[in-house]
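I have placed the structure first, in the form of structure tokens, so that the comments after it can refer back to it.
The values are calculated or read from the model by the stated rules, or taken from the named source; none is laboratory data. Note that the coordinates shown come from a computational prediction; the quantities given were computed from them, not determined experimentally. Glycine also receives a Cβ, built like all others from the backbone with ideal geometry; neighbour counts cover every protein chain displayed.
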Amino acid sequence: MESSKKFDVLFRALKLYNQNEIDKCEEECTKILQKNPLDQAAWTLKLSCLTESLYIDELDNNDVGIAETFLEQNVIAPNARPGTSFNRPLTSARGANPLLRPTTNAGRPLSGVVRPMTTARPGTMDQAVRTSRTAKTARAVTSSSARFVRLGTASMASNPDGPFVNLARLNIEKYAKDAQVNRQLFEYVFYHEGDVKTAHQIAAIATKEAEFNDWYWKNQLGKLGMFQDAEKQFLSSLKTMKMVETYAYLAKIYNRLDQPLVAIKYYEEGLESFKNDITILTGLARVNEQLGKIDESIELYKEILAVQANNVEAIACIATNYFYSDLPEIALRYYRRIMQMGVNNAELFLNVGLCCFFCQQFDLAIACIERAHATATEDIQADVWYNTGHVALSIGDVKMADRCFQLALTADQDHGESLCNLGILRLREGKIDQAKSFFHNAKGKAPHLFEPYFNLAILANQAGQYSEALINVNKSLEIFPEHVHSQTLKRHITILYTML
Amino acid sequence: MSPIFCKPKLIPLKTITMEKLEKMQQDAIEKLKALEEAEEAEQKASKQSNAPEDESKSENETNIWKADE
């Protein structure tokens with residue numbers, strides 16, 4: 001510190017910014033600005049500092065709120081054929097068997113990672129409001145995207161005396177034309193203030209000032225959420241300069257418009273110019289996974305690992321796939337690799353615990369699960385207890401399993417899987433009415449599960465209520481058309497009907 | 001035919017962006033809370049300092065129900 005005192009203040013601030021000491025850098029800038037409020041260099045540096053604290057990679061930020069889902073105006077083909085829309089993934093694809101691999105609330109096979117990206121299966125709004133966010137990739141009831149966080153709260157929270165820049169009084173025309181300042185100003189307005197209108201104004205003036213030759217401004221104009229205009233901007237940006245992010249943004253637009261095949265086309269075009277690029281490969285793998293093409297997705301993730309061996313998302317997705325392909329010992333190796341890289345959270349410990357348990361390493365399994373319980377945050381509490389219940393069930397400790405499932409329900413009353421399993425435990429005790437009520441509850445809370453429907457169908461069939469059994473078995477087949485036992489049960493009931 | 005259990009569920013890990021989003025949200029909430037608490041404390045302090053004055057005022061004010069007496 002002694003030597004750094006000799007530095008020029010602005011140089012020191014820049015040095016701090018380079019070293020990622022954002023708070024200290026901001027303090028330095030404030031000091032400079034107090035001395036000389038017109039110091040543009042310090043002003044832009046402070047803008048960058050403020051942006052940095054709220055910066056989110058827009059490529060990854062794809063959260064769609066409930067209003068956009070149900071009042072969607074941008075979808076091009078509302079009744080798409082299977083495999084051409086996120087809303088109609090290939091349910092029968094290999095590797096996506098719900099009997100082996102659980103599904104998320106959105107009806108997709110469970111993925112290895114959660115991303116801030118949600119595209120739900122068409123359901124009723126009522127259902128969406130009711131189902132909570134336990135299965136991770138399902139949407140939150142209110143939008144929790146970065147843009148939402150930024151709106152209002154961000155500037156207020158960071159600066160109780162009012163915003164750093166008073167946008168209403170700022171001479172936008174003047175600053176947007178200044179190539180030294182406009183990028184920082186734009187990013188501040190877009191990321192920190194969340195003021196898309198002003199951001200658009202700045203970008204429009206700046207791109208004009210750059211004589212439409214700067215890919216950066218075209219990309220920024222594309223990011224602002226106007227899908228039709230965005231495509232033109234991005235294509236034009238590609239003509240000026242080929243950038244990886246431009247291809248990824250183009251694909252993002254089409255993902256948002258629910259046109260995954262076009263998105264895949266753009267990703268592939270991007271791969272032609274940028275072979276083995278991680279951003280593009282990751283995007284492609286995600287789209288394939290969402291479409292239910294698990295095998296293709298895993299191949300892509302393996303390609304990613306060949307290029308970047310420490311990619312957590314790729315490792316986690318491959319591990320999940322191995323686990324549900326009945327190879328927990330290989331999944332364990334992958335999860336162990338993530339652990340070796342220094343990731344240390346409850347989710348990972350629980351996954352390692354489950355892998356250990358299913359490849360018969362019981363001592364390690366229990367230790368890992370205990371560790372997961374010790375560190376679990378509120379949002380995964382229910383899932384941790386649910387899985388612990390499974391372990392107890394496999395050991396044969398039904399009493400403990402029962403309690404674990406109940407604890408899962410305490411943590412999250414909408415945990416459909418726990419309700420369904422509790423129902424079966426009640427059934428074993430001979431309490432048929434209670435079991436039925438649990439199954440009914442489960443199918444209401446988690447309409448993406450076929451198990452409660454099937455179990456209800458069996459119960460109704462045993463009680464001789466064939467019409468109820470038929471309704472439920474049909475529902476079960478609707479969710480999982482290839483389920484052999486449901487098919488058998490349906491055949492059995494239809495024979496009874498035709499006999500009459 | 002017997003009822004089927006739901007399967008064990010691996011918990012998806014969070015991507016970096018997801019973690020960052022959650023952290024941002026948490027930070028924003030905490031900052032807002034701190035702000036609100038500070039405001040409340042200020043209000044309380046100002047009320048306490050105002051309180052004795054209020055009492056003296058109310059004595060001086062005309063009570064309309066007793067005005068006739």
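I'd like to know if the range A:462-471 contains one or more residues that are over 20 Å from A:Arg108 (Cβ atoms), within 32 Å of the chain's Cα centre (by Cα) and outside any loop (DSSP other than H, G, I, E, B).
Checked the range A:462-471: no residue is over 20 Å from A:Arg108 (Cβ atoms), within 32 Å of the chain's Cα centre (by Cα) and outside any loop (DSSP other than H, G, I, E, B).
Can you name the residue in the range A:265-275 that is without any contact (Cβ under 8 Å) to a residue 24 or more places away in the chain and closer than 15 Å to A:Arg286 by Cβ and is also surrounded by the fewest Cβ atoms within 10 Å (Cβ to Cβ) among such residues?
At the first step, the residues of the range A:265-275 found to be without any contact (Cβ under 8 Å) to a residue 24 or more places away in the chain are A:265-269, A:271-272, A:275.
Add one more test, that the residue is closer than 15 Å to A:Arg286 by Cβ, and what stays is A:266-268, A:271.
Values: A:Tyr266: 26, A:Tyr267: 27, A:Glu268: 13, A:Leu271: 16.
Looking at the filtered set, the residue picked out is A:Glu268.
Starting from residues that are among the basic types (Lys, Arg) and more than 7 Å from chain A (Cβ to nearest Cβ), keep the ones in the range B:1-37 and report whichever is nearest to A:Ser111 (Cα to Cα).
At the first step, the residues of the range B:1-37 found to be among the basic types (Lys, Arg) are B:7, B:9, B:14, B:20, B:23, B:31, B:33.
Imposing the further condition that a residue be more than 7 Å from chain A (Cβ to nearest Cβ) reduces the set to B:23, B:33.
Values: B:Lys23: 22, B:Lys33: 35 Å.
Applying the filter and picking the extreme gives B:Lys23.
Given (1) more than 17 Å from A:Glu417 (Cβ to Cβ); (2) more than 9 Å from every other protein chain (Cβ to nearest Cβ); (3) buried (at least 21 other Cβ atoms within 10 Å of the Cβ), where does A:Cys355 come up short, assuming only one miss?
Looking at each condition in turn, A:Cys355 falls short on (2).
Restricting attention to the range A:313-332, does a residue exist that is under 30 Å from A:Gln413 (Cβ atoms) and part of a loop (DSSP other than H, G, I, E, B)?
No - not one qualifying residue is present in the range A:313-332.
A:Arg333 - would you say it is more than 10 Å from chain B (Cβ to nearest Cβ) and within 24 Å of A:Glu289 (Cβ to Cβ)? Let's see the steps before the verdict.
On the way: more than 10 Å from chain B (Cβ to nearest Cβ): yes; within 24 Å of A:Glu289 (Cβ to Cβ): yes.
When the stated conditions are applied, A:Arg333 passes them.
Pick from the range A:251-298 the residues that are hydrophobic (A, V, I, L, M, F, W, C) and outside any helix (DSSP H, G or I): which of them is farthest from A:Phe234 (Cα to Cα)? Break it down into steps so the answer makes sense when it comes.
Of the range A:251-298, the ones hydrophobic (A, V, I, L, M, F, W, C) are A:251, A:253, A:257, A:261-264, A:271, A:274, A:278, A:280-281, A:284-285, A:287, A:291, A:294, A:298.
Next cut, outside any helix (DSSP H, G or I) only: A:257, A:274, A:291.
On the way: A:Leu257: 16, A:Phe274: 17, A:Leu291: 25 Å.
Residue satisfying both the conditions and the ranking: A:Leu291.
Filter the range A:476-500 down to the residues that are in contact (Cβ under 8 Å) with a residue 60 or more places away in the chain and not in a loop (DSSP other than H, G, I, E, B) and list them by number.
Once the filter is applied, which keeps residues that are in contact (Cβ under 8 Å) with a residue 60 or more places away in the chain and not in a loop (DSSP other than H, G, I, E, B), the range A:476-500 yields only A:Ile479.
Given the structure, is A:Lys475 touching a helix residue (DSSP H, G or I) at 6+ places or on another chain (Cβ under 6 Å), basic (Lys, Arg) and surrounded by fewer than 23 Cβ atoms within 10 Å (Cβ to Cβ)? Walk me through it before giving the result.
Numbers: touching a helix residue (DSSP H, G or I) at 6+ places or on another chain (Cβ under 6 Å): yes; basic (Lys, Arg): yes; surrounded by fewer than 23 Cβ atoms within 10 Å (Cβ to Cβ): yes.
So A:Lys475 passes the test.
Within the range A:311-337, can you find the residues that are of a type outside the set (Lys, Arg), at negative phi and over 19 Å from the mean Cα position of the chain (by Cα)? Spell out how you get there, then give the answer.
Within the range A:311-337, the first condition is being of a type outside the set (Lys, Arg), and the residues that meet it are A:311-332, A:334-335.
With at negative phi added as a condition, the list becomes A:311-325, A:327-332, A:334-335.
Result: A:Tyr322, A:Phe323, A:Tyr324, A:Ser325, A:Leu327, A:Pro328, A:Glu329, A:Ile330, A:Ala331, A:Leu332, A:Tyr334, A:Tyr335.
Would you be able to say whether some residue in the range A:56-79 is modelled with pLDDT of 75 or more, in a helix (DSSP H, G or I) and in contact with an Asp or Glu (Cβ under 7 Å, 6 or more places away or on another chain)?
We begin by selecting, within the range A:56-79, every residue modelled with pLDDT of 75 or more; these are A:56-60.
If we keep only those that are in a helix (DSSP H, G or I) too, we end up with none.
Scanning the range A:56-79, I find no residue that is modelled with pLDDT of 75 or more, in a helix (DSSP H, G or I) and in contact with an Asp or Glu (Cβ under 7 Å, 6 or more places away or on another chain), so the answer is no.
Give all pairs with beta carbons closer than 7 Å in which a residue from the range B:29-42 that is on the phi < 0 side of the Ramachandran plot and in a helix (DSSP H, G or I) meets a residue that is surrounded by 11 or more Cβ atoms within 10 Å (Cβ to Cβ) and polar (S, T, N, Q); count only pairs at least 6 apart in sequence or on separate chains.
Between residues of the range B:29-42 that are on the phi < 0 side of the Ramachandran plot and in a helix (DSSP H, G or I) and residues that are surrounded by 11 or more Cβ atoms within 10 Å (Cβ to Cβ) and polar (S, T, N, Q), the close pairs are B:Leu32/A:Thr153.
Would you check which residues across the range A:7-64 are more than 30 Å from A:Leu221 (Cβ to Cβ) and in contact with a Ser or Thr (Cβ under 7 Å, 6 or more places away or on another chain) and list them?
Passing the criteria: only A:Arg12.
Just to be sure before I move on: is A:Asp258 farther than 16 Å from A:Pro82 by Cβ, within 21 Å of the chain's Cα centre (by Cα) and surrounded by fewer than 22 Cβ atoms within 10 Å (Cβ to Cβ) in the structure I sent?
Working: farther than 16 Å from A:Pro82 by Cβ: no; within 21 Å of the chain's Cα centre (by Cα): yes; surrounded by fewer than 22 Cβ atoms within 10 Å (Cβ to Cβ): yes.
Spelling it out, it is not the case that A:Asp258 is farther than 16 Å from A:Pro82 by Cβ, within 21 Å of the chain's Cα centre (by Cα) and surrounded by fewer than 22 Cβ atoms within 10 Å (Cβ to Cβ).
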